[in-house]
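Input: a single structure, listed below in structure tokens.
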């Protein structure tokens, strides 16, 4: 599965108004705490990969997912292969990783409010220490379909009165690590 995503900084109030105009379907708000891990056998920063354990909380409870993100596949978006699986026990999975030499690298905390517009999920992210962002995301099975989906994501951003050329390819993790280095 390929995650086709374009992210940019944006004022949430303005985007909410445009989403209402587009009949965006509210999907709810969640809090996420993402723990990213460094691998003992390679540098994920150099290979542009990520291993993440996510705890997501909403009114219905808590969900934990394990995610591998492969390297970016194009220069215009944050599109990458993504493999995810729900896990039953966050602490036990983290203990397994640490026993194998994987070390927690950083934690990203955010509040996400999601909307559905056609086949896209539009997410308003408030990320601790780095600010407000909008992500437009969809998925596709084949890498050959990525350009078509990316252009459709750009069209949706324009409909939200946002400029897709303002897209940011740096992950929230990368932003937080860069901020820590300054």
Q. Only one of 31, 81 is in contact with a strand residue (DSSP E or B) (Cβ under 8 Å, 6 or more places away or on another chain) and either closer than 14 Å to residue 123 by Cα or modelled with pLDDT of 95 or more (or both); which?
A. 31
Q. Does residue 120 satisfy the condition of being in contact with a helix residue (DSSP H, G or I) (Cβ under 8 Å, 6 or more places away or on another chain), crowded, with 17+ Cβ neighbours inside 10 Å and without any contact (Cβ under 8 Å) to a residue 60 or more places away in the chain?
A. yes
Q) Under 7 Å by Cβ, and 6 or more places apart or on different chains, what pairs join a residue from the stretch 163-182 that is surrounded by 16 or more Cβ atoms within 10 Å (Cβ to Cβ) with one that is assigned to a loop (DSSP other than H, G, I, E, B) and modelled with pLDDT of 90 or more? A) 172/130; 175/130; 176/129; 176/130
Q: Within the stretch 2-17, identify whether any single residue is without any contact (Cβ under 8 Å) to a residue 24 or more places away in the chain and farther than 15 Å from residue 172 by Cβ, and answer yes or no.
A: yes
Q) What are the residues in the stretch 42-65 that are more than 15 Å from residue 106 (Cα to Cα), touching a strand residue (DSSP E or B) at 6+ places or on another chain (Cβ under 9 Å) and assigned to a strand (DSSP E or B), if any? A) 56, 57, 58, 62, 63, 64, 65
Q | Pairs with Cβ under 7 Å, 6+ apart, first in the stretch 18-33 and touching a residue at least 60 places away in the same chain (Cβ under 8 Å) and on the phi > 0 side of the Ramachandran plot, second crowded, with 17+ Cβ neighbours inside 10 Å and assigned to a strand (DSSP E or B) | A | 28/114
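Can you tell me which residue is nearest to residue 143 (Cα to Cα) among those in the stretch 84-102 that are part of a strand (DSSP E or B) and over 13 Å from the mean Cα position of the chain (by Cα)? Quick ask: steps written out before the conclusion?
The initial filter retains those residues of the stretch 84-102 that are part of a strand (DSSP E or B), namely 84-87.
If we keep only those that are over 13 Å from the mean Cα position of the chain (by Cα) as well, we get 85-87.
Values: 85: 21, 86: 24, 87: 27 Å.
Per the criteria, the residue is 85.
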Q) Restricting attention to the stretch 22-33, does a residue exist that is under 20 Å from residue 100 (Cα atoms) and in a strand (DSSP E or B)? A) no
Q: Report the residue count in the stretch 123-182 for those that are farther than 15 Å from residue 5 by Cβ, in contact with a helix residue (DSSP H, G or I) (Cβ under 9 Å, 6 or more places away or on another chain) and in a loop (DSSP other than H, G, I, E, B).
A: 5
Q: Test each condition in (1) farther than 21 Å from residue 13 by Cβ; (2) touching a helix residue (DSSP H, G or I) at 6+ places or on another chain (Cβ under 9 Å); (3) at pLDDT 95 or above for residue 109 and report the one that comes out false.
A: (2)
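Kindly indicate which of 63, 27, 22 is closer than 23 Å to residue 116 by Cβ, surrounded by fewer than 18 Cβ atoms within 10 Å (Cβ to Cβ) and touching a helix residue (DSSP H, G or I) at 6+ places or on another chain (Cβ under 7 Å).
On the way: 63 fails: touching a helix residue (DSSP H, G or I) at 6+ places or on another chain (Cβ under 7 Å); 27 fails: touching a helix residue (DSSP H, G or I) at 6+ places or on another chain (Cβ under 7 Å).
Unique residue meeting the criteria: 22.
The values are calculated or read from the model by the stated rules, or taken from the named source; none is laboratory data. Source: prediction; values computed, not measured. Glycine also receives a Cβ, built like all others from the backbone with ideal geometry; neighbour counts cover every protein chain displayed.
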